[in-house]
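The values are calculated or read from the model by the stated rules, or taken from the named source; none is laboratory data. This structure is a prediction, so every number in the text was calculated from the model and none was measured. Because the Cβ atoms are built from the backbone with ideal geometry, glycine has one as well, and the counts that use them run over all protein chains shown.
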Amino acid sequence: MKRRDLLKISALAGIASVSTQAAANTACTTDSTPNQFIPKKPADAKPLENEFEKYPKCPYCGMDRKEHHRTRMLVQYADDLTDGTCSIHCLSLSLGVNIDREPKNIWGPDYGSPLEPRPLTPVDSMVYLIGADLKHAMTRRSKHSFASPSTAKEFQAKHGGALGNFNDALRESYVDMASDVAMIRKMREERRKRAAEMKKG
């Protein structure tokens, strides 16, 4: 992966705007922004082993990663701290708030695979289908990854969208962030209202 390009893209995240110096000067080493977002799991040299046992829930939205295995992602930083997320939307949050932590490995699911759960593959070697009429976790505009370019093209022929690489998909995740967050807030508020109504009834 071209880490320089990746870090440039992750810098677009508005939530990563707090300076490193401000974080370093704080009295508490774990609760200042962005320190409270540092991955909480121990350093993991082999994050792919027993992935769902170690990273069952997305730390940014709480979604079950095994349930959303077709969109889940895994990022291992240079210090072996690892974030397991449900989607590229939440991966972009991790990269944004860990802006001073260099990604060592990033894996995405092979959406075109028939295996359950979808196998994870290094994102450098994957083709992304962006904006197809396929469901995707945490975003209205899907960004699915494929290990096989020919399979990605087959899906494109059926479902539309544009082909790109990981950096293209990550950039579009940041572009979509405001509208996706608004969509997620609305959906969660509606869910809370339904739950409250069921409790009353």
Task: Residue that is modelled with the lowest pLDDT [pool: residues in region 60-78 that are closer than 19 Å to R101 by Cβ and crowded, with 18+ Cβ neighbours inside 10 Å] - done: Y60
TODO: Quick one: which residue in L120, L81 is surrounded by 20 or more Cβ atoms within 10 Å (Cβ to Cβ), out of contact with any Cys (no Cβ under 6 Å at 6 or more places or on another chain) and not polar (S, T, N, Q)?
DONE: L120
Open item on the list: I'm checking my understanding of the structure. Among residues of region 102-132 that are in contact with a helix residue (DSSP H, G or I) (Cβ under 7 Å, 6 or more places away or on another chain) and of a type in the set (G, A, S), which one is farthest from H89 (Cα to Cα)?
Closed with: G112
